[in-house]
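Sharing a structure, written as structure tokens. Questions coming.
Each value in this text was obtained by applying a stated rule to the coordinates, not by laboratory testing. Quantities reported herein were computed from a predicted structural model and do not represent experimental measurements. All Cβ positions, glycine included, derive from the backbone under ideal geometry; neighbour counts span all protein chains shown.
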Amino acid sequence: MIERKPFRHKKNLGQNFLADRNILRKIVERAAPAAGDVILEVGSGQGVLTRELLASPCTFLFSMEIDRGLEPFLSDISLLHPGRFCLIWGDALEADYSLLSPAPSKVVANIPYNITTPLLWKLLETLPSAGYFLLMVQKESAERITAPPSTKERYPLGVTLELTGSARKVLNVPPAAFRPVPAVHSCLLEITLGKEHRELATDGSWRGMLRSGFAQRRKKLLNNLKTFREDIPWPEVFAELGIGKNARAEELSAEKWLALHQKIKK
Ligand code: SAM
């Protein structure tokens, strides 16, 4: 038996653990893990969601955690679920998820909120086997990821996800559901991805174009893109695609971004 020292939550690692069993149950119900499902959890914490997922009929669960101080809370799980569970110690942003075997088909996690955007890019880049993500994120992140065109929250990851699949907010979760109680509200976000346009996440010219396009939001898109590729006759390309010369990045539909990208790839 490993002696548990009092645990000090690390704010910089987003350690707000789920304490509301009703929410936990709703997460697992929504994810509906079935036999054959291989799940990845990012941020094991003290293992509450980990154990709930393993109580489902899922075939295999990987759980990744950076903080070794949580080991006493997690060390018995492999013994309780031999052949169904693998705990990975490390930084979720440094992982190459394509190396996981069996390949995960679902990601179900209460993720560290401060790494939401880079983590999602990383998962899109290196986990093509996963078509379903159910993630607890900060409410503002859920709003950005699902923001439609012509809203100030619109940003590159949301545009990319829109082309690859769909993202929707399924449940607002109050701060009281976590310990320690965070200062922010949370939201359960569901992302379903198809096979189409999956390559965009690893396409440097796509990522670069969006990054430059959204870089200075107060500037016109045309001017932002000129700094990205000087060799492209942007005003002509805009006219051909029916994009107004005064358009801002957030106004473009995902399809227009794709059409712009096809022009610059030629
Ligand atoms: N799943 C647990 C729960 O629901 O109670 C914990 C969720 S807590 C919001 C996020 C967890 O992610 C923390 O345990 C934290 O230590 C871990 N974490 C933070 N940054 C990480 C990183 N870069 N890689 C892996 N885990 C990380």
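Rounded to a whole number of µm²/s, how large is the Stokes-Einstein D of the chain at 37 °C and 0.692 mPa s, given Rh as the Kirkwood radius over C-alpha pairs?
On the way: Rh = 19.8 Å.
Value of D from the Cα-based Kirkwood radius: 165 µm²/s.
Kindly write out, for the stretch 82-94 in residue order, the coupling ³J(HN,Hα) from the Karplus curve 6.51 cos²θ - 1.76 cosθ + 1.60 (θ = phi - 60°), rounded to whole Hz, with x marking Gly and Pro.
Karplus-based 3J(HN,Hα) across the stretch 82-94 equals x, x, 10, 9, 9, 9, 10, 8, x, 8, 4, 7, 9 Hz.
Based on other C-beta atoms within 10 Å, arrange Lys245, Lys106 from fewest to most.
So the ranking, lowest neighbour count to highest, is Lys245, Lys106.
Give me the net charge of Lys11's neighbourhood, meaning all other residues with Cβ under 14 Å from the Cβ of Lys11; Lys, Arg count +1, Asp, Glu -1. Don't jump to the answer; show the numbers that get you there.
Numbers: positive: Arg8, Lys10, Arg179; negative: Asp67.
With Lys, Arg at +1 and Asp, Glu at -1, the net is +2.
Please give the length that would be gained between Asp91 and Glu153 if that part of the chain were fully extended, namely 0.36 nm times their separation in residues minus their C-alpha to C-alpha distance (nm, one decimal). It would help to have the intermediate numbers written out before the result.
Values: separation 62, 0.36 × 62 = 22.32 nm, distance 2.77 nm.
Going from the current span to full extension adds 19.6 nm.
Please list log₁₀ I(q)/I(0) at q = 0.21 Å⁻¹ for the stretch 203-265, using the Debye equation with identical point scatterers on the alpha-carbon positions.
-0.76
What fraction of the Cα pairs in the stretch 42-142, stated in percent, has a spacing above 16 angstrom? Mind dumping the intermediate values first?
On the way: 2802 of 5050 pairs.
More than 16 Å apart: 55 percent of the Cα pairs in the stretch 42-142.
Under 14 Å from a point 7 Å along the Cα-to-Cβ line of Asp20: which residues of the stretch 118-152 have their amide N that close?
136-139
Pro112: net charge of surrounding residues, Cβ under 14 Å, Lys/Arg +1, Asp/Glu -1, itself excluded?
So the environment of Pro112 carries a net charge of -2.
Is any residue of the stretch 38-68 close enough, with backbone N under 11 Å, to a label point placed 7 angstrom from the Cα of Leu99 along the Cα-Cβ axis, and if so, which?
Hits in the stretch 38-68 for Leu99 at 11 Å: none.
Then there is this: Hey, how many Å between the Cα centroid of the stretch 110-171 and the Cα centroid of the stretch 1-69?
Between the Cα centre of the stretch 110-171 and that of the stretch 1-69, the gap is 20 Å.
Which shape class, rounded, prolate or oblate, goes with the stretch 71-193 when its Cα gyration tensor gives a ≥ b ≥ c as root eigenvalues, a/c under 1.5 marks rounded, and past that a/b bigger than b/c marks prolate?
It comes out oblate by the Cα gyration axes.
Hey, another quick one. How much net charge surrounds Cys187 when only the other residues with a Cβ under 12 Å from the Cβ of Cys187 are counted, with Lys and Arg +1 and Asp and Glu -1? Please list the in-between numbers first.
Numbers: positive: Lys139, Arg144, Arg168, Lys169; negative: Glu140, Glu143, Glu190.
Residues near Cys187 contribute +1 overall.
Further question: Just Gly36, Gly47, Gly165 to compare: in a GNM of the chain, with alpha carbon springs under 10 Å, which one fluctuates most?
Maximum among the listed residues: Gly36.
Given contacts defined as C-alpha pairs under 8 Å and at least six residues apart, what's the relative contact order of the stretch 11-198, whole-number percent? Spell out each step's value before the answer.
Numbers: 341 pairs, mean separation 40.6, N = 188.
In percent, rounded to a whole number, it is 22.
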